[in-house]
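J.: Can you keep this structure in mind? I'll have questions shortly.
The values are calculated or read from the model by the stated rules, or taken from the named source; none is laboratory data. Remember, it's a predicted structure, so these values are computed and weren't measured experimentally. Positions of Cβ are generated from backbone atoms using ideal geometry, with glycine treated the same way; all protein chains shown enter the neighbour counts. All accessible areas refer to the heavy atoms of the entire protein, side chains included, with ligands and DNA or RNA removed. Shrake-Rupley method; radii C 1.70, N 1.55, O 1.52, S 1.80 Å.
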Amino acid sequence: MIAQALAALVAPFPIKPPTPPPTASEVDVVERLNEPVPRGLHFADGFQNQVTIGDYLGRDKPIVLSLVYFECPMLCSLVENGLVKGLSESGLRLGKDYAALTVSMNPKDTPAQAAAAQAGYISRLTHREAATAVDWAFLTGGQTQIQALAEALGFKYRWDKASQQFEHPAVIFILTPDGRISRYLYGVEFLARDLRLALVEASQGRVGTTLDRVLLKCFRYDPTSRRYRVVAVNFVRAGAFCAFLALATLLAILWRHELRRKRSSVLLGRPTP
């Protein structure tokens, strides 16, 4: 009777099976810093030329790489417009200080769409006077090539049948001149300072000014905030060095002024104090 009573109490509250552990997200970024991108992947540019990723590497300039698709209704254009704005405000020159590469994740995109996107975005970029079409190429390719590039970058995306859209992260990649992943920058707005520092960092100081290299000592990329933040100790050291340099310059000027005054006194035959 007791067993029957307990069964009657438990029956309205069936025991649920344990929840399986969550699987890795289908839309995510797995950072692969310092890993190389595959040089031999084949794509087509906006002029229908057959190219490889390696064609854009080894040109002594860091590269800004983005993965988008040209019929994306919102996110891709926000990422590309944010990139154009940040690069324009950075003061760096396309084709001289850096190169850029945009690859479509949609195998149905065509070279004609790539050419139209290339013309539209580059026309709004400032400091592009030294650039040619190859300095910011827009590429399309087959599914296998796209997936291989995305996998190398740690870029996870998926096709959503319900919305007929690709779901993907908002991120751009900074590559070293030889094609290694140097930095990931997230979001749809990219600070000019962050872009400039990331490109100077990827170039190992070959791009930018002496001030940029000093600032890079004072700023470090913070993975939590996904921004470059001031390193207080290095900032104080840099400030102390600048103060020392200013003082040394002032003393040198005063010493030269005093030396000239003494020489003038000797030439005029007046005793020097």
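J.: Put Leu87, Leu250 in order of accessible area, largest first, 1.4 Å probe: what do you get?
T.: The ranking, largest first, comes out as Leu250, Leu87.
J.: Place a +1 charge on the Cβ of each Lys and Arg in segment 51-107 and a -1 charge on the Cβ of each Asp and Glu, then give the dipole magnitude about the Cα centre in debye, rounded to the nearest 20.
T.: 160 debye
J.: Using a 1.4 Å probe over the heavy atoms of the protein chains, calculate the carbon and sulfur portion of the accessible area of segment 29-168 as a whole percent.
T.: Here it works out to 52 percent.
J.: Can you give the extra length, in nm with one decimal, that the chain gains between Glu151 and Arg229 once fully stretched, where that is 0.36 nm per residue apart less the Cα-Cα distance?
T.: 25.2 nm
J.: OK, next. For Ala246 and Val188, FRET efficiency with R0 = 51 Å and r from the beta-carbon atoms, rounded to 0.05?
T.: It comes out at approximately 0.80.
J.: Continuing with this model, one more query. Long-range amide H contacts for Val171: which residues qualify at under 5 Å (H placed 1.01 Å from N, peptide plane, sequence gap of 5 or more or a different chain)?
T.: Gly187
J.: Compute the whole-percent fraction of alpha carbon pairs in segment 75-127 spaced more than 12 Å apart.
T.: Counting every Cα pair in segment 75-127, those more than 12 Å apart make up 68 percent.
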